[in-house]
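Below you'll find the structure, written out as structure tokens, and then a few comments.
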Amino acid sequence: MTRLMPWKPALFALATALAACRQPALVPAREAGGALAFDTTDLVDRGRYIVRNAADCGGCHSASEKNPDGPLSGGREFKDWRLGTIRASNLTPDPETGLGTWTDEDIVRALRYGQAKNGRVLAPVMPYDWMHRMGDRDAFAVAQYLKSQPPVRNEVDQSPNLVFKTASLFRSPDNPVAVIVPKRGPTAMYGDYLANHVALCAHCHTPRSGIRDEYNQKMPYAGDASPPKGFPVNPSNITPDSTTGIGRWSEEDFLRTMRTGVNPKGDTLNPIMPWPTLRRMTDDDLKAIYRYLRTLDPIENDVPRK
Ligand code: HEC
Ligand code: HEC
């Protein structure tokens, strides 16, 4: 291969060098226009709730796939021709191999704008496109929780390929936006915030397409019959369509499914659907999500389980 394409190593070296020079400037970590102003009581508990129950960070960052509740010391591999091999980072506060030297703002910047401490734009495997609109209090709560964990030493290397390195030359991190976080409660409005920007339901349940594998904005929550590699089953259509979605489910059906991992048809859901962690969300939060899902357009899209 190398003999046939002698230019390839040179191009690789060039892209690497250019990517290193063109490290974008750090974007501000906070919401646009915002001075930090939030209630800091129980911030670590709120962060734990988001990281461990709602956002399933452990689904990617935990050391072992079998234990999403274990240490978030990273290493899990994601392979894709657009990216090369990207590994989930070590999120424990180890000073050399984890987030030990990152400030809260550095962590928030990574969550919301996909930018690492050194300015590098993170691979979009990390769902920052969805966390872009996580509110300041929640984002800083996540940062504080991560820093409260015991440090674990685990060096995680990244092996991006030429395609990703070249694409990175043209990418900049997103800019801060002003976020309005609705009041917490069992309302569709709060459910919209949770499902899209905290619990990341949209990140798995919205189909992706095209050469850049982008989310199909016209089919939110319609399920994905060709999910990223490694998914043992297809994310379901959870729009209110009555034949191909969850239109016939009552709120009770929904809560029972989220809590037991068994849907009204009696299928036991594969744990890639993070019900073993989502089940710990509060009744009100799950109701909020159900009420929000009911407000979506029903989309007819038959997604076979596999
Ligand atoms: C779908 C998998 C996935 C999920 C879910 C996910 N991440 Fe990530 N995350 C990654 C990957 C992969 C990287 C490495 C990207 C890179 O280095 O280009 C990453 C990078 C990061 C970084 C940057 C760390 C560094 O050293 O550069 C932080 C901070 C982070 N994730 C926090 C979180 C938190 C907190 C959550 C939950 C709210 C979360 N992630 C959910 C896959 C994921
Ligand atoms: C990591 C990806 C992922 C995330 C995040 C995720 N899901 Fe799922 N979900 C799936 C997959 C895959 C299935 C299909 C499981 C199966 O068929 O065994 C599924 C199935 C479901 C089902 C069952 C549908 C049916 O017809 O049986 C519901 C309901 C559901 N998810 C709701 C949610 C909600 C609400 C959230 C956010 C709080 C969420 N999911 C987050 C991947 C995910």
(message) Being hydroxyl-bearing (Ser, Thr, Tyr) and within 10 Å of ligand 2 (Cβ to nearest atom) is the requirement here; does THR257 meet it?
(response) yes
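Rundown of residues vs (1) in contact with a helix residue (DSSP H, G or I) (Cβ under 8 Å, 6 or more places away or on another chain); (2) more than 21 Å from PRO207 (Cβ to Cβ), yes/no style:
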residue	(1), (2)
ASP224	yes, no
PRO232	no, no
THR244	no, no
GLU251	yes, yes
LEU255	yes, yes
VAL262	yes, yes
ASP284	no, yes
ILE289	yes, no
(message) Can you go through ILE299, ILE272 and tell me which one is in a loop (DSSP other than H, G, I, E, B), of a type outside the set (Lys, Arg) and under 22 Å from the mean Cα position of the chain (by Cα)?
(response) ILE272
(request) Return yes when GLY191 is loosely packed, with under 13 Cβ neighbours inside 10 Å and within 20 Å of TRP275 (Cβ to Cβ) and no when it is not. (result) no
(request) Identify all residues within region 111-127 that are within 11 Å of the chain's Cα centre (by Cα) and buried (at least 22 other Cβ atoms within 10 Å of the Cβ); write none if there are none. (result) LEU111, ARG112, GLY114
(request) Return only the number of the condition from (1) on the phi < 0 side of the Ramachandran plot; (2) in contact with a Leu (Cβ under 7 Å, 6 or more places away or on another chain) that ARG208 does not satisfy. (result) (2)
(message) Restricting to region 129-151, name every residue that is under 25 Å from LYS183 (Cβ atoms) and either within 8 Å of ligand 1 (Cβ to nearest atom) or not charged (D, E, K, R) (or both).
(response) TRP130, MET131, HIS132, MET134, GLY135, ALA139, PHE140, ALA141, VAL142, ALA143, GLN144, TYR145
(message) Among the residues that make up region 232-242, is at least one of them near ligand 2 (Cβ under 8 Å from one of its atoms) and either closer than 21 Å to MET189 by Cβ or outside the structural domain of LEU200 (by TED's automatic domain parsing) (or both)?
(response) yes
(message) Any residue that is more than 11 Å from ligand 1 (Cβ to nearest atom) and either of a type outside the set (Phe, Trp, Tyr) or free of Cβ contacts under 8 Å to residues at least 60 places away in the same chain (or both) - is there at least one of those in region 80-90?
(response) yes
(request) Could you please find all residues in region 90-106 being surrounded by fewer than 23 Cβ atoms within 10 Å (Cβ to Cβ) and touching a helix residue (DSSP H, G or I) at 6+ places or on another chain (Cβ under 7 Å)? (result) PRO93, ASP104
(request) State all residues of region 91-109 that are farther than 24 Å from LYS229 by Cα and near ligand 1 (Cβ under 10 Å from one of its atoms); if no residue qualifies, say none. (result) THR97, GLY98, LEU99, TRP102, ASP106, ILE107, VAL108, ARG109
(message) If a residue must be on the phi < 0 side of the Ramachandran plot and touching a Cys at 6+ places or on another chain (Cβ under 8 Å), how many such residues does region 211-243 contain?
(response) 4
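The values are calculated or read from the model by the stated rules, or taken from the named source; none is laboratory data. Just so we're clear, the structure is a prediction, and the values are computed from it rather than from any experiment. Every residue, glycine as well, gets a Cβ built from its backbone with ideal geometry; the counts of neighbours run over all protein chains shown.
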